[in-house]
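Before any comments, here is the structure.
Derivation of every value follows stated rules applied to the coordinates shown; laboratory data play no part. What you see is a predicted model; the values in this text were computed from it and never measured. Virtual Cβ from ideal backbone geometry, glycine too; neighbours counted across all protein chains shown.
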Amino acid sequence: MSADPRIGWPTFYAAKLSPRRSPVGTAAKPLPIILDTDPGLDDALAIAVAVARPELKLLGVTSVGGNADVHHCTDNARRLLHLYGADDVPVAEGAAGPLSGPLERATEIHGESGLGATKLAEATRPLEPGGAVALMVRLIEASPEPVALVPVGPLTNIAMLLRGFPHLAPKIAEICLMGGSVGEGNATASAEFNIYADPVAAEIVFASGLPITMIGLDVTHHATLGADDLATFAALPGASAKVAAELLAFAFARAKEWGQHEWMAIHDAVAVLHLAIPDLVGVARYRVVVDGTNGPARGRTIGDASDYRLKRDRLEANCDVGLTIDRERFVQLLVDAYRTLP
Ligand code: RIB
Ligand code: CA
C-alpha cells in the first residue's frame, strides 16, 4: 500500500460496472467495422489489430485530420494497410479540420508526418474517390449486417455522416469511439484530444441517440506499453512488428525529452479490441454531454452516472464508458496480433 492511500484512486465518480451493450464479433460471425482514424502512432497499432482479429471484418478505413495533417493521415493509413498485407481494404480521405473552431494537431507527440521518423513503402491500392463520408455510406448500404463505426480521431467525419445520411442510422450497430474522459483530459486539463479537436462534432455524435461506447482516457491510460514491451515487438518476426517497435521508440524518446516516464498509452487499439474481445474492458453506464463552448472546459466530456441526478432531471444514460482493462491481457493481444502480420 503506498504512503498516500489516495494514490491509485480514480479522480472521478467511478460508477459500478454494468454488462456491455455493444455488439462483439466472433470468428464464426465477424463484426463488420469501419475504422475512422488519424494515424498517428497509436492509430497504427489500432489498424493492425483491426486487420488481424478474426472477430472483425474491416470493411474500410477513413482518415481525418488530427494527430497530423489529413493528407499525412491518409497516406499513413494506406501505407500501414499495405505493410499489414491488407491491400484489399479501401481507404478514403476525410475532413481536414473541425466543423467549427481552430485546427488542433498533436504533431508534437506524433511527429510532423504522424508516424514519427518512420518511412513506410508506398501503398499499391489507389485512394477511393469521393471522400470518407461517401465511402462510409457505400460500405454501410452494401453491408448485409449493421456496421460498427470505430472512430479513433476527431469525430468530424462521423458527425457529417450522421447529419447527412440520417436514414442510415438503423444500419449503424454501434459507435465505439476512442475519445473523451470522465476524469481529466490530456489536450487540456478538461478535454481529451479527439473531442477537443472537434467538440461540435462530438456533441452531434453523443446526442445522436445511437448506441455508443466511449473508450476514454479513464481506461486507455491503463492500456500502456513500456520499454520491455518495445523489446518484445522488436524481437517478433515480420516488418509490421519492427515498425511498431520503431513507433514506440519515437514515442518514448519524446516522453524522455519532456522528462516523462517512457511509456505510451495505446489508446485507439482499446476501442478496436473492445469489439473483438467480450470481457477485456469493463464498462459502466453514463450520460455524457460535451462542452462545445469556448471556455476553459471546451471539449470536456461531462459524464454523469448518478442515478439520483438522472432521475431528478428525467435524463437517461446514453453510452457505455470504459473504466477497467486487464493490461497484461491487452499487451498479449497486441503481441499476438502482430505475430500474424507480415
Ligand atoms: O487522446 C488520445 C487520442 O488522440 C488518440 O486517438 C491519439 O491517436 C490521438 O488522436
Ligand atoms: Ca487517434
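Just to check I understand the Karplus step: with θ = phi - 60° and J = 6.51 cos²θ - 1.76 cosθ + 1.60, what whole-Hz values come out for the range 69-85, glycine and proline as x?
4, 4, 5, 5, 4, 5, 4, 4, 4, 5, 5, 5, 4, 5, 4, 7, x
Work out how much length ALA27 to ARG327 would gain on full extension: take 0.36 nm times their residue separation and subtract the Cα-Cα distance, in nm to one decimal.
Extending this stretch completely gives an extra 105.7 nm.
Between CYS319 and residues 5 or more places away or on another chain, which pairs have amide H atoms under 5 Å apart, with H built 1.01 Å from N, and which residues are they?
Correct list: TYR286, VAL288.
Note down the relative contact order for the range 1-134 as a percent, whole number, built from C-alpha pairs under 8 angstrom at least six residues apart. Spell out each step's value before the answer.
Working: 222 pairs, mean separation 31.2, N = 134.
It rounds to 23 percent for the range 1-134.
Using Cα centres only, tell me the gap between the range 172-206 and the range 266-288 in whole Å.
Spelled out, the Cα-based centre of one part sits 14 Å from the other.
Determine, for each peptide in 73-81, 322-330, 188-196, 87-95, the mean count of other beta carbons within 10 angstrom over its residues, then list the peptides with the highest first.
Ranked by mean Cβ neighbours within 10 Å, highest first: 73-81, 188-196, 87-95, 322-330.
Run the dipole for the chain about the Cα centre, Lys and Arg Cβ at +1, Asp and Glu Cβ at -1, nothing else charged, and hand back the magnitude in debye, nearest 20.
That gives the chain a dipole magnitude of about 740 debye.
When ranked by the protection proxy of mean other Cβ atoms within 10 Å per residue, highest first, what sequence do the peptides 295-301, 285-291, 166-172, 227-233 form? Spell out each step's value before the answer.
Details: 295-301: 20.0, 285-291: 21.6, 166-172: 13.0, 227-233: 15.7.
So the order, starting with the most tightly packed, is 285-291, 295-301, 227-233, 166-172.
Extension gain HIS167-ASP279, at 0.36 nm per residue separation less the Cα-Cα distance, in nm?
So the extension gain works out to 37.1 nm.
If amide H atoms are built 1.01 Å from N in the plane of the peptide, which residues on other chains or at least 5 residues away come under 5 Å of the amide H of SER18?
Here the answer is VAL283, ALA284, ARG285, since their amide H atoms fall under 5 Å of that of SER18.
Check cross-link reach from LYS311 to the lysines: straight Cα distance under 30 Å, and skip same-chain residues fewer than eight apart.
The reachable lysines, counting only those whose Cα sits under 30 Å from LYS311, are LYS16.
Once Lys and Arg get +1 and Asp and Glu get -1 on their Cβ, which of TYR13, VAL150, GLY131 lies farthest toward the positive end of the dipole of the chain?
Towards the positive end, the residue furthest out is TYR13.
Ordered by packing density, taken as the mean number of other Cβ atoms within 10 Å over each peptide's residues, highest first, how do 333-341, 261-269, 62-70 rank?
Output ranking for 333-341, 261-269, 62-70: 62-70, 261-269, 333-341.
Using label points projected 7 Å from each Cα along Cα→Cβ, tell me how many nm separate ALA235 and ASP88, to one decimal.
Output for this residue pair reads 3.3 nm.
Within the range 230-267, find all residues whose amide N lies under 17 Å from a label point positioned 7 Å from the Cα of ASP336 along Cα-to-beta-carbon.
233
Which Cα, out of GLY259, ALA249, ASN294, lies furthest along the positive dipole direction of the range 170-322 (beta carbon charges, K/R +1, D/E -1)?
ASN294
In nm, to one decimal, how far is the modelled label at LYS16 from the one at ALA96, with both set 7 Å along Cα→Cβ?
My value for the distance between the label points is 5.1 nm.
Only helical DSSP H runs with n ≥ 4 go in: add -39500 (n - 2.57) per run for the chain, normalise by residue count and round the 222 nm mean residue ellipticity to 500 deg cm²/dmol. Write down the numbers at each step before the final one.
Working: 13 runs with 121 residues, N = 342.
Counting only the DSSP helices, I get -10000 deg cm²/dmol.
Using a basic spin-label model with each label point 7 Å from the Cα along Cα→Cβ, how many nm lie between ASN294 and TRP258?
2.6 nm
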